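Worksheet: the structure to be examined is printed underneath.
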Amino acid sequence: SSGINAEWPLRPGKDLYCRPNLSTRRVIGTLEAHSNGFRFHNTHGGNVDVIYSTIRHAFFQPCDKEMLIMLHFYLKHPIMIGKKKTYHICFYTEVGEIMTDLGKSSHMYDRDDIEAEHAEREMRQKLKGAFKNFIEKVEALSKGKVEFDTPFRELGFFGVPFRSSCMLQPTTHCLINVIEWPPFVIALEEVELIHFERVQFQLKNFDMVFIFKNYSRKIEMINSIPMSSLDAIKEWLNSCDLKYTEGAISLNWPKIMKTINDNPDNFFEDGGWKFLDPDSEEEGEHEDSDAAGDENWGPGEVNSDEEEGSEESDSDEEYNSEDSSAAAASAGSSSGSGSSEESGKDWSDLEEEARRDDQRRLREEREDDSPKKKRKIAPPPPGKSSSKSSSKKKKRR
């Protein structure tokens, strides 16, 4: 291959690495851009060639708030690196120290630390300038075959695509995380629908499912996304014209995709993905009922506004009559309450009063009977008794 030879090292003392590794150990090398592709030379004599026509997406990951700066390539067809096939290959260099010595005592105003931070800041600027210069040369050399995409860090959010949490950043055409390995890259043009799972107020995290236009492809999922990022993600998807739905439970996606692939005609006849968004079905039913009502309306029928007005007037008359009857009833009850106290009392109060009346009546009867039992008959006077006895004796004779 011939053409402009744009090669590294970027700056003295800095090394360029390749991922995945060409051997069990990391190898240092340089990267060249030729008229038809890239070539990576390592110190052990091995080479890795990447043809421009095999690159699907090219990314430039700057070193802003990151410890790595890299060029990442997502390929159309896998290539062999070592003994494995891969769709991803990247070339990177480290910025600053990946590991920090915790035993080192430092002070925020230490002169050495301030100088080291200033030197690291200058080195980051130089690395970004060198990478950008190389990218401009590659885009001019490839004649538009390779265009590098830079992620928007301000739109990034944290999630777990594999085993560990990382920051996922949107680009113009993709959603990526290329800092961690294995990388996570999803081309938005291949996505048909995005579904949010476990969206509930009492939960702190939710999941994000990517369903691709090719139903035979396995879905991709990002777990444990903070609930605070949901609104920003929805705004980003709206800007990309991507449809999304949400639900409160997790679904069995392998079984769902198998059912769809077994009989796709029935899937589309039943409404497609409408089962993921029940609100849309309810809205559709309401719209259908409204449309049917509009179709049934004819010119000979009474105007709906007039019907509503007549119904309202009838209801007002009924309401006024009910109010007048209720007022009359309340007036009668208030007048009756002056004559009898029982009209405004509960059934339990009436029973209690009856029980008290019975007890009072029994008490009075007992008081009336008690003096009769205690009264003693006085003996007759002696004269009257003797005369009565003598008269009785005479009658007997």
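Rundown of residues vs (1) modelled with pLDDT of 85 or more; (2) within 21 Å of Ala130 (Cα to Cα); (3) open to solvent by less than 40 Å² (accessible area, probe 1.4 Å), yes/no style:
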site: Thr24; (1), (2), (3): no, no, no
site: Thr30; (1), (2), (3): yes, yes, yes
site: Thr43; (1), (2), (3): no, no, no
site: Val48; (1), (2), (3): yes, no, yes
site: Ile51; (1), (2), (3): yes, no, no
site: Thr54; (1), (2), (3): yes, no, yes
site: Phe59; (1), (2), (3): yes, yes, yes
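Residues in segment 102-115: is at least one modelled with pLDDT under 90, open to solvent by 60 Å² or more (accessible area, probe 1.4 Å) and in contact with an Asp or Glu (Cβ under 8 Å, 6 or more places away or on another chain)? Yes, some residue in segment 102-115 is modelled with pLDDT under 90, open to solvent by 60 Å² or more (accessible area, probe 1.4 Å) and in contact with an Asp or Glu (Cβ under 8 Å, 6 or more places away or on another chain).
Only one of the numbered conditions (1) touching a Leu at 6+ places or on another chain (Cβ under 8 Å); (2) modelled with pLDDT under 85; (3) within 24 Å of Glu136 (Cβ to Cβ); (4) of a type outside the set (Ser, Thr, Tyr) is violated by Asp15, and that is (1). For segment 189-204, the tally of residues that are of a type outside the set (A, V, I, L, M), free of Cβ contacts under 8 Å to residues at least 60 places away in the same chain and surrounded by 15 or more Cβ atoms within 10 Å (Cβ to Cβ) stands at 3. If you filter segment 32-41 down to residues that are open to solvent by 10 Å² or more (accessible area, probe 1.4 Å) and without any contact (Cβ under 8 Å) to a residue 40 or more places away in the chain, you find that the one that is farthest from Asp15 (Cα to Cα) is Asn36. Residues that are of a type in the set (S, T, N, Q) and within 14 Å of Val178 (Cα to Cα) within segment 23-82 comprise just one, Gln61.
Contact map, segment 205-223: first residue on the phi < 0 side of the Ramachandran plot and open to solvent by 10 Å² or more (accessible area, probe 1.4 Å), second residue among the aliphatic types (A, V, I, L, M) and not in a strand (DSSP E or B), Cβ cut-off under 6 Å, separation 6 or more or different chains; pairs are Tyr215/Ile260. Only a single criterion out of (1) open to solvent by 70 Å² or more (accessible area, probe 1.4 Å); (2) over 26 Å from His34 (Cα atoms); (3) in contact with a helix residue (DSSP H, G or I) (Cβ under 6 Å, 6 or more places away or on another chain) is not satisfied by Phe157, namely (1).
Kindly provide the set of residues from segment 160-173 that are in contact (Cβ under 8 Å) with a residue 24 or more places away in the chain, in contact with an Asp or Glu (Cβ under 7 Å, 6 or more places away or on another chain) and open to solvent by less than 30 Å² (accessible area, probe 1.4 Å), ordered by number. Across segment 160-173, the qualifying residue is only Thr171. Has segment 133-148 got at least one residue that is open to solvent by less than 100 Å² (accessible area, probe 1.4 Å), modelled with pLDDT of 90 or more and part of a strand (DSSP E or B)? The answer is yes, given that some residue of segment 133-148 is open to solvent by less than 100 Å² (accessible area, probe 1.4 Å), modelled with pLDDT of 90 or more and part of a strand (DSSP E or B). Does segment 143-177 hold any residues that are closer than 16 Å to Met70 by Cβ and aromatic (Phe, Trp, Tyr), and which are they? Within segment 143-177, Phe148 is the sole residue that qualifies.
Residue by residue through segment 168-190, note down the ones that are part of a strand (DSSP E or B) and touching a helix residue (DSSP H, G or I) at 6+ places or on another chain (Cβ under 8 Å). Write out each step before concluding.
At the first step, the residues of segment 168-190 found to be part of a strand (DSSP E or B) are 168-170, 174-177, 184-187.
Across segment 168-190, the qualifying residues are Gln169, Pro170, Cys174, Leu175.
All of (1) assigned to a loop (DSSP other than H, G, I, E, B); (2) of a type outside the set (Gly, Ala, Ser); (3) more than 27 Å from Val50 (Cβ to Cβ) hold for Leu193 with one exception: (1).
The values are calculated or read from the model by the stated rules, or taken from the named source; none is laboratory data. Not measured: the values here are computed from a predicted model. Heads up, the Cβs are rebuilt from the backbone with ideal geometry, glycines too, and the neighbour counts pull from every protein chain shown. Keep in mind that these areas ignore ligands, DNA and RNA; they rest on the heavy atoms of the full protein, side chains included. Shrake-Rupley method; radii C 1.70, N 1.55, O 1.52, S 1.80 Å.
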